[in-house]
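Report on the structure given below.
We did not get these values from a lab; they are worked out from the coordinates using the rules stated. Here the structure is a predicted model, which means the values were calculated and not measured. FYI the Cβ positions are ideal-geometry reconstructions off the backbone, even for glycines, and counts take in every protein chain you see.
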Amino acid sequence: MMKFTRATENDKTEILALYRSLVGTEFCAWNENYPSEIEVEGDMSRDALFCLKDDERKIIGVISIDDDEAVEKLPCWTESLKPAAELSRLGVRVENQNQGIARKLLQYGMEELKCQGMKSVHFLVCKTNQKAIRSYDKLNFDIVGECELFGEEWWCYEKSLLDAK
């Protein structure tokens, strides 16, 4: 049975190892400098980093609620769906990929945002990340724009949480 939990200080090393293990894998836009301990500590300081753990309490996936001003200022987000929040840094352990874990993390993250009173969720998806694009399509995210940030080209995905189950 998998369990979705808020990350703790004890999870930090395992989360960083998971992030590092994904650098260089197909479709991954991350590099040796991102995500780093700075992002993990920032997410944890805001209680905004979550883990999906297996029966043995091993982290199989992570997701964060990001607080990135550059992303929030993009003009594509729907005004009537604010307040909104960005889910970010979704990562699934390589041996657990292609099992629907990313969709579970997104669903848990969206439920957390609903509990926090958010009206919508948004996400940047690297245009070359076909695996992520398939996940967002299955969860009925809308593409509301595109942008270039952090040296990459992104699709801007958004989903209302008002009617989400």
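Brief remarks follow.
- Lys/Arg +1, Asp/Glu -1 at C-beta; the chain dipole; positive extreme among PRO35, LEU161, GLN99: GLN99
- DSSP bridge analysis restricted to region 54-151 gives an antiparallel fraction near 60%, rounded to the nearest 5.
- For region 14-31, the Karplus equation 6.51 cos²θ - 1.76 cosθ + 1.60, evaluated at θ = phi - 60°, returns couplings of 5, 5, 4, 5, 4, 4, 4, 5, 8, 4, x, 7, 3, 6, 7, 8, 6, 9 Hz by residue, with Gly and Pro reported as x.
- Spacing of the modelled spin labels on ILE38 and ASP68, each 7 Å from Cα toward Cβ, amounts to 1.3 nm.
- Note on the chain: helix-only mean residue ellipticity at 222 nm, from DSSP H runs of 4+ residues weighted -39500 (n - 2.57) and normalised by residue number, equals -8500 deg cm²/dmol.
- Residues whose amide H lies under 5 Å from that of GLU153, counting only those 5 or more places away or on a different chain, are LYS127; hydrogens are built 1.01 Å from N in the peptide plane.
- From largest to smallest, the equivalent ellipsoid semi-axes obtained for region 3-92 from the alpha-carbon gyration tensor read 24, 16, 12 Å.
- Cross-link table LYS82/LYS159; LYS3/LYS119; LYS3/LYS82; LYS58/LYS131; LYS12/LYS159, entries beyond 21 Å C-alpha to C-alpha: LYS3/LYS119; LYS3/LYS82; LYS58/LYS131; LYS12/LYS159
- For GLU86, distant residues with modelled amide H under 5 Å away: ASP66, HIS122
- Couplings for region 62-79, taken from phi via the Karplus curve 6.51 cos²θ - 1.76 cosθ + 1.60 with θ = phi - 60°, read 9, 8, 10, 9, 7, 9, 10, 4, 4, 6, 4, 7, 4, x, 7, 5, 6, 4 Hz in order; Gly and Pro are left as x.
- Taking ASP47, ASP66, ASP55 as the candidate residues, the one with maximal mean-square fluctuation in a Gaussian network model of the chain, Cα springs under 10 Å, is ASP55.
- The mean sequence distance of close C-alpha pairs (under 8 Å, at least 6 residues apart), as a share of the length of the chain, puts its relative contact order at 20 percent.
- Label point distance in nm, LYS58-THR5, each placed 7 Å from Cα along Cα→Cβ: 1.6 nm
- All distinct Cα pairs of the chain go into the 1/r average, and the inverse of that average, the Kirkwood radius, is 16.0 Å.
- Cβ-placed point charges (K, R +1; D, E -1), dipole of the chain about Cα centre in debye, nearest 20: 720 debye
- Here's the picture: charge each Lys and Arg Cβ at +1 and each Asp and Glu Cβ at -1 in region 3-160, and of LEU139, PHE123, TYR19 the one pushed furthest to the positive end of that dipole is LEU139.
- Nitroxide proxy distance, nm - points 7 Å out along Cα→Cβ at GLU148 and CYS115: 4.0 nm
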